[in-house]
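Note sheet for the following structure.
The values are calculated or read from the model by the stated rules, or taken from the named source; none is laboratory data. Note that the structure is a prediction, hence the values are computed from the model and not measured.
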Amino acid sequence: MPTLIIRPARFAARLYQFDWGPILAVGWRAVRRQFARHSQREGLRAIADDPHLLRDLGLTREEALEEADKPFWR
């Protein structure tokens, strides 16, 4: 009687069976968060010359421009 040899699944087959949903969801959330930061900082830069709006936010012009100059990943 021949012996049955069970081999582990190949790497590609294991990747195919892996549940990518949670990883993709985390990545998509990170992209959305970075886009939101970028949009908010562009808006902050746009109002940096209006002292009334900055006073409503409780910021000085220098603080607003400093925040607007940050890269989107921070």
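Looking at region 51-65, which of its residues are part of a helix (DSSP H, G or I) and either more than 26 Å from the chain's Cα centre (by Cα) or of a type in the set (D, E, K, R) (or both)?
Just the residues of region 51-65 that are part of a helix (DSSP H, G or I), to begin with: 51-57, 61-65.
Correct list: P51, H52, L53, L54, R55, D56, R61, E62, E63.
Select, from A48, A30, A13, A25, the only residue that is at pLDDT below 85 and either assigned to a helix (DSSP H, G or I) or among the aliphatic types (A, V, I, L, M) (or both).
Working: A48 fails: at pLDDT below 85; A30 fails: at pLDDT below 85; A25 fails: at pLDDT below 85.
The conditions single out A13.
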